[in-house]
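Participant: Input: one structure, supplied below.
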Amino acid sequence: MKYIYLLLIAIICFTIGCSNNNVSQDTGSNPIPLVAPILQGYYFKNADYNGVSTIDIANNNNGNVLVDYANSKIVRRVGGVMATASGSGISGYFSKIIYDTIVYSGNTIENYNKILPNSNYTSVSPNRKVINLNSNNQIVSKICYKQELNLYDNDTLDFEYNSLNKVIRISNTVYNNLLFEKLFYYNSNNNVSSIITKYYNYYESGTSVTQQYTYKEIETFGDFDNAPNPFVSFFIFDETFNRSLSTNNYRSYSYEKYLYPLSTNQLTNSYTINYNLNYDSSGNAIFTNN
């Protein structure tokens with residue numbers, strides 16, 4: 001009888017303990033790390049390729065960007081944007097002849113964006129980006145070299161992080177003048193909720209220089225799912241950087257642009273994108289266009 005009584009107490013304590021654990025997970029105090037399957041590819045419209053045409057995607061991997069790995073690191077990405085003439089009416093179209101090669105050396109990552117050599121566009125010079133990492137594998141700076149690969153003609157972006165190792169600011173400064181800054185905000189689930197980008201011009205008057213806003217952009221992210229984010233390691237690419245920031249996957253994105261003076265709230269452009277993601281039997285988001 002005593003044994004049965006002790007057994008009942010143990011069962012009750014175990015039940016209460018499980019209940020408390022569930023409450024703790026719901027409040028986010030002890031979240032279980034989410035691990036997504038390795039992303040082998042993604043439909044370009046599910047990342048930041050806004051304004052890019054879907055023309056002829058049937059002959060270009062159905063618009064899917066394909067990814068190759070070596071030693072669990074991304075070493076090649078196939079698929080990108082082919083620029084078009086200014087009067088074409090589109091900013092570019094997706095093409096499988098564009099590809100990236102990624103080279104790792106210590107705390108440095110070099111990303112070369114190229115055209116396949118057997119294409120009709122072999123005269124196009126590759127774009128090059130150099131990413132410098134800290135000991136936490138976070139971007140400290142990104143140097144974006146111009147298409148001519150002139151080492152003296154480049155833009156350097158500087159990255160700042162909070163105590164949770166989340167990026168909170170990216171800035172571009174030339175000759176001590178701040179050209180733009182991106183400010184990042186997150187919700188309680190460590191998902192990016194908004195990014196505010198401010199752009200500046202500078203005016204000389206005698207020996208003094210005056211800073212002035214030119215415009216700002218507000219990007220808002222929402223409708224997050226509960227699935228793990230497979231883009232976490234894709235922070236090295238501009239088109240997938242925003243998706244790499246969060247624990248889960250956003251399914252709604254909105255953009256607004258305001259001109260100076262900001263006090264007048266002169267909205268000049270805005271749009272919203274909703275992503276219709278599918279999920280596999282394990283609840284993982286599917287980003288490819290099958």
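The values are calculated or read from the model by the stated rules, or taken from the named source; none is laboratory data. Just so you know, these numbers come straight off a predicted model, no measurement behind them. Cβ coordinates were reconstructed from backbone atoms using ideal geometry, including for glycine residues, and neighbour counts include every protein chain displayed. Accessible surface is based on the protein model in full, side chains and every heavy atom, while ligands, DNA and RNA are left aside. Shrake-Rupley method; radii C 1.70, N 1.55, O 1.52, S 1.80 Å.
Participant: Can you tell me how many residues within region 202-224 are under 26 Å from D48 (Cα atoms) and either small (G, A, S) or without any contact (Cβ under 8 Å) to a residue 40 or more places away in the chain (or both)? Even if it seems obvious, please write down each step before you answer.
Facilitator: Taking region 202-224 first, the residues under 26 Å from D48 (Cα atoms) are 213-224.
Those left that are additionally either small (G, A, S) or without any contact (Cβ under 8 Å) to a residue 40 or more places away in the chain (or both): 219-222, 224.
Number satisfying all stated conditions: 5.
Participant: Residues to consider are S194, S188, S171, S163; find the one that is in contact (Cβ under 8 Å) with a residue 60 or more places away in the chain and among the hydroxyl-bearing types (S, T, Y). Don't jump to the end; show me each part of the working.
Facilitator: Numbers: S194 fails: in contact (Cβ under 8 Å) with a residue 60 or more places away in the chain; S171 fails: in contact (Cβ under 8 Å) with a residue 60 or more places away in the chain; S163 fails: in contact (Cβ under 8 Å) with a residue 60 or more places away in the chain.
Being in contact (Cβ under 8 Å) with a residue 60 or more places away in the chain and among the hydroxyl-bearing types (S, T, Y) holds for just one of S194, S188, S171, S163, which is S188.
Participant: Hey, among the residues in region 42-61 that are in contact with an Asp or Glu (Cβ under 8 Å, 6 or more places away or on another chain) and not in a helix (DSSP H, G or I), which one's nearest to I115 (Cα to Cα)?
Facilitator: Y49
Participant: A follow-up question, please. May I ask you to say which residue of Y271, Y200, Y253 is open to solvent by 50 Å² or more (accessible area, probe 1.4 Å), over 20 Å from Q40 (Cβ atoms) and assigned to a strand (DSSP E or B)? Don't jump to the end; show me each part of the working.
Facilitator: Working: Y200 fails: open to solvent by 50 Å² or more (accessible area, probe 1.4 Å); Y253 fails: open to solvent by 50 Å² or more (accessible area, probe 1.4 Å).
Of Y271, Y200, Y253, the one residue that is open to solvent by 50 Å² or more (accessible area, probe 1.4 Å), over 20 Å from Q40 (Cβ atoms) and assigned to a strand (DSSP E or B) is Y271.
Participant: Here's a follow-up. Taking the condition in contact (Cβ under 8 Å) with a residue 60 or more places away in the chain, within 23 Å of N290 (Cα to Cα) and open to solvent by 70 Å² or more (accessible area, probe 1.4 Å), does I38 pass? Outline the logic, then answer.
Facilitator: On the way: in contact (Cβ under 8 Å) with a residue 60 or more places away in the chain: yes; within 23 Å of N290 (Cα to Cα): yes; open to solvent by 70 Å² or more (accessible area, probe 1.4 Å): yes.
Against the criterion (in contact (Cβ under 8 Å) with a residue 60 or more places away in the chain, within 23 Å of N290 (Cα to Cα) and open to solvent by 70 Å² or more (accessible area, probe 1.4 Å)), I38 qualifies.
Participant: Return yes or no: is T247 farther than 18 Å from L179 by Cβ, surrounded by 18 or more Cβ atoms within 10 Å (Cβ to Cβ) and in contact with a helix residue (DSSP H, G or I) (Cβ under 6 Å, 6 or more places away or on another chain)? Steps first, answer last, please.
Facilitator: On the way: farther than 18 Å from L179 by Cβ: yes; surrounded by 18 or more Cβ atoms within 10 Å (Cβ to Cβ): yes; in contact with a helix residue (DSSP H, G or I) (Cβ under 6 Å, 6 or more places away or on another chain): no.
No, not satisfied.
Participant: Now, a different point. Only one of these conditions is not met by D238: (1) over 15 Å from the mean Cα position of the chain (by Cα); (2) open to solvent by 50 Å² or more (accessible area, probe 1.4 Å). Which number is it?
Facilitator: (1)
Participant: Also, I was wondering about something else. Checking E219 against (1) surrounded by 18 or more Cβ atoms within 10 Å (Cβ to Cβ); (2) acidic (D, E); (3) not in a strand (DSSP E or B), which single condition isn't satisfied?
Facilitator: (3)
Participant: Here's a follow-up. Tell me whether region 174-189 contains one or more residues that are open to solvent by 60 Å² or more (accessible area, probe 1.4 Å) and acidic (D, E).
Facilitator: Among the residues of region 174-189, not one is open to solvent by 60 Å² or more (accessible area, probe 1.4 Å) and acidic (D, E), which makes the answer no.
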